[in-house]
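The values are calculated or read from the model by the stated rules, or taken from the named source; none is laboratory data. Note that the structure is a prediction, hence the values are computed from the model and not measured. For neighbour counting, all protein chains shown are included, and Cβ atoms are generated from backbone atoms with ideal geometry for every residue, glycine included.
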């Protein structure tokens with residue numbers, strides 16, 4: 001066992017090795033619904049304290065099922081989950097007390113006032129009323145002016161913010177955001193990104209699922225990709241971009257080429273259909289000759305160019321290639 | 001025990017009752033008043049007495065039971081079904097709230113509303129007919145036990161239902177007929193012997209009989225049997241609720 005690892009063991013259950021800085025430990029979690037649909041298969045994942053973790057995956061990949069299991073809404077068929085060392089089955093009350101959940105659907109109490117519905121959530125978590133906290137949450141989410149309004153009168157974006165306010169009502173240490181910016185406008189999306197950053201500064205661990213890869217790219221410290229119920233990879237975002245990303249160098253040629261010259265064999269090259277643009281693809285981590293080496297070979301081959309540009313693959317490109325590769 | 005959670009659910013449900021006061025209080029009171037006008041004044045004036053009690057007074061316990069059963073089931077079933085329907089149940093299921101606390105909050109609020117309604121109906125009845133309560137403590141005990149038991153049954157129906165239609169099926173097709181046939185408007189001793197035996201299979205007979213005994217000291221069946229049967233219904237409801245939470249039936253996948 002490593003120096004920074006502790007064993008969390010339940011009665012008769014296998015121990016989970018978890019680092020001191022891990023706040024959630026998911027071990028061998030599987031879920032098969034009554035219909036026979038296998039939503040998750042042997043998922044192992046640890047979430048580090050204070051990080052922003054983005055869980056990416058196509059529709060039906062198992063993201064919401066995994067979140068629902070950790071939050072106690074869905075029962076795992078097998079496997080174990082601990083939240084800050086508390087087993088979610090045996091020590092469910094302590095585990096759930098630490099978690100705030102923002103669901104994917106806009107599920108709200110239509111007839112209640114904003115203030116009452118947020119206060120209701122705080123009460124569910126066993127906490128006495130704390131008007132100052134509710135006020136600060138509502139102000140932070142630009143809902144203070146609507147505190148006495150019925151939920152049914154709010155716009156979609158306001159309802160989304162209200163769900164976040166409810167999730168923060170009991171001052172959770174872990175916040176699950178299931179597709180938090182689905183269907184919201186660009187301004188609101190950026191407001192939410194700022195809010196998440198502020199929460200992280202306050203020490204809240206944030207786990208978000210999203211279809212917007214841009215969102216993960218903007219916010220996440222680490223990224224997990226889930227597909228067909230299996231966790232395909234978990235990596236630091238920067239490492240992921242470095243390891244799996246690729247770069248493209250495009251040259252605008254002075255004179256069109258009929259074919260790729262023999263002298264450049266060994267490079268991954270694409271020639272445009274009109275022969276006027278030559279593109280070289282190379283791995284971001286490939287430091288063989290670098291761009292300089294390639295350009296030297298081009299010059300030696302007597303190829304002249306008038307312009308050049310480079311692009312690198314985004315997280316979205318990596319995500320698509322991973323998921324397509326598995327499918 | 002997460003007392004704050006119980007209080008939050010309870011107050012939330014009571015606030016809903018205040019918002020829908022016409023449906024939860026005014027409507028049943030008007031319906032009951034109409035029963036008094038029709039059965040008490042119009043038809044009742046032609047019936048001298050039942051067991052020495054004026055007919056108008058005789059039907060009071062049955063009418064209170066009729067409203068109590070219907071409203072307990074209706075309030076509790078709607079209270080838990082609505083968050084299931086809208087999806088807001090997620091926050092109760094993901095909160096540190098035990099099944100017992102959930103039931104105390106939802107069924108407790110439904111029972112409270114029904115008891116308040118029962119007392120209002122009794123007060124309304126007092127306007128139309130002379131009322132006498134011989135055993136007030138037992139009257140209150142039957143009122144609370146019945147409201148609690150049928151609120152639990154309502155909770156079960158609210159979990160079982162997968163549409164608004166099903167919420168209505170049990171109260172309309174089972175509970176209301178059983179209440180009408182359970183001696184609300186007559187003593188089952190007035191029935192011919194074979195039908196009297198059949199009536200004893202109706203669980204509502206025991207509830208109404210015991211409740212009526214607390215008013216007038218007269219009962220169709222022994223009051224101890226009534227009390228025992230009420231306790232059996234309560235235990236049965238608790239067993240079903242416990243099974244629901246143990247299996248996650250229609251709550252957790």
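Within the stretch A:118-137, the set of residues being more than 25 Å from the chain's Cα centre (by Cα) and more than 10 Å from chain B (Cβ to nearest Cβ) comprises A:118, A:130, A:131, A:132, A:133, A:134, A:135, A:136.
Could you tell me which residue of the stretch A:187-203 is nearest to residue A:95 (Cα to Cα), considering only residues that are modelled with pLDDT of 85 or more and under 15 Å from the mean Cα position of the chain (by Cα)? Only one residue fits best here, namely A:200.
Exactly one residue among B:155, B:142 is more than 14 Å from chain A (Cβ to nearest Cβ), in a helix (DSSP H, G or I) and within 17 Å of residue B:24 (Cβ to Cβ), and that residue is B:155.
Checking the stated criteria, residue A:148 turns out to be touching a residue at least 12 places away in the same chain (Cβ under 8 Å) and touching a strand residue (DSSP E or B) at 6+ places or on another chain (Cβ under 7 Å). For the stretch A:78-98, what are the residues that are more than 7 Å from every other protein chain (Cβ to nearest Cβ), touching a residue at least 60 places away in the same chain (Cβ under 8 Å) and crowded, with 17+ Cβ neighbours inside 10 Å? A:80, A:82, A:83, A:84, A:87, A:98, listed by residue number. Screening the stretch A:192-210 for residues that are in contact (Cβ under 8 Å) with a residue 40 or more places away in the chain and out of contact with any helix residue (DSSP H, G or I) (no Cβ under 8 Å at 6 or more places or on another chain) and picking the one that is surrounded by the most Cβ atoms within 10 Å (Cβ to Cβ) gives A:205. Take the stretch B:111-137 and flag every residue that is more than 28 Å from residue B:38 (Cβ to Cβ) and surrounded by 19 or more Cβ atoms within 10 Å (Cβ to Cβ). Result: B:111, B:112. Could you identify the single residue in A:184, A:151 that is modelled with pLDDT of 90 or more and either surrounded by 14 or more Cβ atoms within 10 Å (Cβ to Cβ) or outside the structural domain of residue A:51 (by TED's automatic domain parsing) (or both)? The conditions single out A:151. Summed over the stretch B:66-82, residues that are at pLDDT 90 or above and within 17 Å of residue B:124 (Cα to Cα) total 1.
Listed by position, the helices (runs of 4 or more DSSP H) inside the stretch B:1-114 whose residues that are within 14 Å of chain A (Cβ to nearest Cβ) number at least 2 are B:3-19, B:55-86, B:89-93.
Please indicate, with yes or no, whether at least one residue in the stretch A:105-117 is farther than 17 Å from residue B:14 by Cα, within 11 Å of chain B (Cβ to nearest Cβ) and modelled with pLDDT of 90 or more. Checking the stretch A:105-117: not a single residue is farther than 17 Å from residue B:14 by Cα, within 11 Å of chain B (Cβ to nearest Cβ) and modelled with pLDDT of 90 or more.
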